[in-house]
Amino acid sequence: MAKAGGVVAGVGVAALIAYSLYNWLPAWYNPFAPLSPDDPPTMVTRYKLRQMANEPQACLAILRQASDKGMISFREQNNVAGKCPLDAPVRVTQFGDVRLSSSFLASCPLALSSAMYVQQRAKPVAASIMKSELTRIDHLGSYACRNIYNRPGARLSEHATADALDISGFRFANGQHITVLKGWNEQNARGETLRALFDQSCPFFGNSLGPDYNAAHANHFHLGMRGFGICR
Ligand SMILES: [Zn+2]
């Protein structure tokens, strides 16, 4: 009986702590509150984003919220079968008023992380350094059924599950166009903007790999869902 009483008391205390957290912590520090596309990228937000991979319907519901807020335009797509299957992928066509060089196929978590990155950080950072609005993101693709670096015998790339986007450049309202390849080492506002855009991606993705990582990334930022905060 005493043992059962202890368990009941323990459960009671846990419930009380959960209740207190739910009521007093802001949502982005509260593991019990549902994820919102407006949440800043705290550790708790990142944990929730990661959980979205296991909860496709919950993820789609939050992506629809993001769409309602004008953060992203997307279409739900049929499952893809074959060697690199996709479960409930989406096709991202635009991030609010930021256009894309072409639409891309994404897992729901990649679409959501990308929308949060573009709206919360990429747009304001670009505007403050470039003094011009970000209008378009150029990319090299997201879904590709291949191994890492196309090496035979290597494990499947994140691109094989549409969990990564390769961004190659950014365009601005004043006509400026910065490519990762040419802009990365420029010692001016363009280079500074590009490096800030890379740094700001890190809190939203499992891994962000850029030109400083290796030669394979000289011309793009690889923003992927695997890992937990790899940024180089
Ligand atoms: Zn990549």
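Of all residues in segment 185-215, those satisfying the criterion of being open to solvent by 10 Å² or more (accessible area, probe 1.4 Å) and away from the ligand (no atom under 16 Å from the Cβ) are Asn185, Glu186, Gln187, Asn188, Ala189, Arg190, Glu192, Arg195, Ala196, Asp199, Gln200, Pro203.
Annotation: of all residues in segment 134-150 being under 19 Å from Val90 (Cα atoms) and assigned to a strand (DSSP E or B), the one that is most open to solvent (accessible area, probe 1.4 Å) is Leu140. If you go through segment 63-77 and keep only what is without any contact (Cβ under 8 Å) to a residue 24 or more places away in the chain, in a helix (DSSP H, G or I) and of a type outside the set (Gly, Ala, Ser), you end up with Arg64, Asp68. Would you say His177 is within 12 Å of the ligand (Cβ to nearest atom) and either in contact with a strand residue (DSSP E or B) (Cβ under 6 Å, 6 or more places away or on another chain) or farther than 14 Å from Ala122 by Cβ (or both)? It is false that His177 is within 12 Å of the ligand (Cβ to nearest atom) and either in contact with a strand residue (DSSP E or B) (Cβ under 6 Å, 6 or more places away or on another chain) or farther than 14 Å from Ala122 by Cβ (or both). Of everything in segment 78-124, what is aliphatic (A, V, I, L, M), crowded, with 17+ Cβ neighbours inside 10 Å and not in a strand (DSSP E or B)? Give them in sequence order. Listed by number, the residues that qualify are Leu110, Ala111, Leu112, Ala115, Met116, Val118, Ala122. Of the set (1) at positive phi; (2) open to solvent by less than 10 Å² (accessible area, probe 1.4 Å), all apply to Lys131 but (2). Scanning segment 135-168 for residues that are under 19 Å from Ser102 (Cβ atoms), touching a residue at least 60 places away in the same chain (Cβ under 8 Å) and more than 12 Å from the ligand (Cβ to nearest atom) yields one hit, Cys145. Residue pairs whose Cβ atoms lie under 6 Å apart, sitting 6 or more positions apart in sequence or on different chains, and linking a residue in segment 32-61 that is open to solvent by 40 Å² or more (accessible area, probe 1.4 Å) to a partner that is assigned to a loop (DSSP other than H, G, I, E, B) and modelled with pLDDT of 90 or more, are Pro56/Ala88.
Scanning segment 216-232 for residues that are of a type outside the set (Gly, Ala, Ser), assigned to a loop (DSSP other than H, G, I, E, B) and either within 12 Å of the ligand (Cβ to nearest atom) or closer than 15 Å to Glu158 by Cα (or both) yields a count of 5.
How many of the residues making up segment 151-161 are buried (at least 17 other Cβ atoms within 10 Å of the Cβ) and not aliphatic (A, V, I, L, M)? Number satisfying all stated conditions: 4.
The values are calculated or read from the model by the stated rules, or taken from the named source; none is laboratory data. Bear in mind the structure is a predicted one, so any value in this text is a computation, not a measurement. As a convention, Cβ positions derive from the backbone with ideal geometry for all residues, glycine included, and neighbour counts pool all protein chains shown. Ligands, DNA and RNA are stripped out before the accessible areas are found, and what is left, the full protein with its side chains, is counted by its heavy atoms. Shrake-Rupley method; radii C 1.70, N 1.55, O 1.52, S 1.80 Å.
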